[in-house]
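Engineer: First, the structure itself, so that you have it in front of you.
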Amino acid sequence: MASMVESLGIGLPTNAAIPAVDSRRHKLAHMVGRRIVEMVREDLKMSKVLTRENFENAIMVNGAIGGSTNAVIHLIALAGRMGIDITLDDWDRLGRDIPCLVNLMPSGQYLMEDFYYAGGVPVVIKELAHKINKNARSVNGSTTWENNKDAKCWNRKVIFPFDKPFKKNGGIAVLGGNLAPDGAILKPSAASPKLMKHRGRAVVFESIEDYHARIEDPKLDIDETCVMVLKYCGPKGYPGMAEVGNMSLPPKLLKKGITDMVRVSDARMSGTAYGTVVLHVAPEAAAGGPLALVRNGDMIELDVAKRRLHLDVSEDELAQRRRGWNGFQTPYTRGYAKLYVDHVLQADKGADLDFLVGKSGTPLLRESH
């Protein structure tokens, strides 16, 4: 997320990865304080910095660093607050041809500290010179290219050149198909190549509680070819959209040496998680998306190259299941939780509250005292 802040231009250059104990973090904090005062005098607001070009740069940087899937939701929501229409299509279009340049966990072996000492985000931006919007504005008053054109890489084991990347597949893959009509996402750099095209039998968990109750059962009918499906963990179903999408594998399969399986849910997962995990399925189960209709034994097809997530069930059968679906009743009936459930948007729209989309900020109409 700090790398997103820097690549968006709303953080000073090198901000993203300086270790907390490095004295340069303290120095940068002083520089930020001074710059904020200057920005007030210049009337340089976020709305003047956060342009479409800045968001496009951040999307490309996210792909190049093997960044978090959470960035998809956060950037779409932030763009919405700025009145800029950034969509999943933008994520796929801009990230599809971006390779992973950074050998950083969970896609690789190094840590953020190593990333910083190798040159950090400025080196990545320089490697994307032929892709980025060079004239995008930054809070320090300079353009993205002016800030990063002279960056040097000090360790090519950590940051690879664009023409010889760490991994060919970076970016965020945006999936469609009848199981995710409004989209779902997958992080190729953290996935197993052999599972990027897969067909398997669904093993369904109706809730996170159902998952915890059954996952360790030796009698669970599951093998490594199956597709684990978790429902009701999206923005409405699990208010706040919990990071539970990277379901741990059944212990009985871990004992066999299985380290990855295809997993599908309407939840999120941590940016440090690894695996062939399909996330943010939209519409979510709680909103009546097709995910709510999946049953044990259904066949699910994943084809990342074709951007396809398909539930191999006929339309007639799905229609019959929908007629028998009782809907989703949230247990939250009052307070902020109810306000949230009533107004939260789906993952493909940023999971923001619907009444906050558009130009944010309200003029000071009256004095408070």
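Engineer: Would the range 112-122 turn up any residue that is in contact with a helix residue (DSSP H, G or I) (Cβ under 7 Å, 6 or more places away or on another chain) and either at pLDDT 95 or above or within 30 Å of Gly176 (Cα to Cα) (or both)?
Structural biologist: For the range 112-122, residues in contact with a helix residue (DSSP H, G or I) (Cβ under 7 Å, 6 or more places away or on another chain) and either at pLDDT 95 or above or within 30 Å of Gly176 (Cα to Cα) (or both): present.
Engineer: Quick check on this structure: which one of Met247, Met269, Met241 is in contact with a strand residue (DSSP E or B) (Cβ under 9 Å, 6 or more places away or on another chain) and on the phi > 0 side of the Ramachandran plot?
Structural biologist: Met241
Every residue, every condition in (1) within 28 Å of the chain's Cα centre (by Cα); (2) among the acidic types (Asp, Glu), yes or no:
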| position | (1), (2) |
| --- | --- |
| Glu6 | yes, yes |
| Ala16 | yes, no |
| Pro19 | yes, no |
| Asp22 | no, yes |
| Arg25 | yes, no |
| Met31 | no, no |
| Glu38 | no, yes |
| Arg41 | no, no |
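Engineer: Small (Gly, Ala, Ser), touching a residue at least 24 places away in the same chain (Cβ under 8 Å) and over 21 Å from Asp89 (Cα atoms): is that true of Gly275 in this structure?
Structural biologist: Considered against the rule, which asks whether it is small (Gly, Ala, Ser), touching a residue at least 24 places away in the same chain (Cβ under 8 Å) and over 21 Å from Asp89 (Cα atoms), Gly275 comes out as yes.
Engineer: While we're on this one: Taking Ala319 as the residue in question, decide whether it is buried (at least 18 other Cβ atoms within 10 Å of the Cβ), farther than 16 Å from Pro188 by Cα and out of contact with any strand residue (DSSP E or B) (no Cβ under 9 Å at 6 or more places or on another chain).
Structural biologist: no
Engineer: What are the residues in the range 16-58 that are polar (S, T, N, Q) and at pLDDT below 95, if any?
Structural biologist: Passing the criteria: only Ser47.
Engineer: Let me ask something additional. Provide a single number: the residues in the range 319-369 that are out of contact with any His (no Cβ under 8 Å at 6 or more places or on another chain), in a helix (DSSP H, G or I) and closer than 23 Å to Ala242 by Cβ.
Structural biologist: 11
Engineer: If you take the residues of the range 96-113 that are surrounded by fewer than 20 Cβ atoms within 10 Å (Cβ to Cβ) and either out of contact with any strand residue (DSSP E or B) (no Cβ under 8 Å at 6 or more places or on another chain) or touching a residue at least 60 places away in the same chain (Cβ under 8 Å) (or both), which of them is farthest from Arg307 (Cα to Cα)?
Structural biologist: Going through the qualifying residues, I end up with Glu113.
Engineer: If you don't mind, there's one more thing I want to ask. So, Gly80, is that one touching a residue at least 40 places away in the same chain (Cβ under 8 Å) and at positive phi or not?
Structural biologist: no
Engineer: Taking Tyr116 and the conditions (1) surrounded by 21 or more Cβ atoms within 10 Å (Cβ to Cβ); (2) outside any loop (DSSP other than H, G, I, E, B); (3) touching a Pro at 6+ places or on another chain (Cβ under 9 Å), which numbered condition does it fall short on, given that it satisfies the others?
Structural biologist: Tyr116 satisfies every listed condition except (1).
Engineer: Follow-up question, since we're still on this one. Which number in (1) touching a residue at least 12 places away in the same chain (Cβ under 8 Å); (2) not in a loop (DSSP other than H, G, I, E, B) marks the one condition that Arg93 misses?
Structural biologist: Only one criterion is unmet by Arg93, namely (1).
The values are calculated or read from the model by the stated rules, or taken from the named source; none is laboratory data. Here the structure is a predicted model, which is why all the values come from computation and not from measurement. Positions of Cβ are generated from backbone atoms using ideal geometry, with glycine treated the same way; all protein chains shown enter the neighbour counts.
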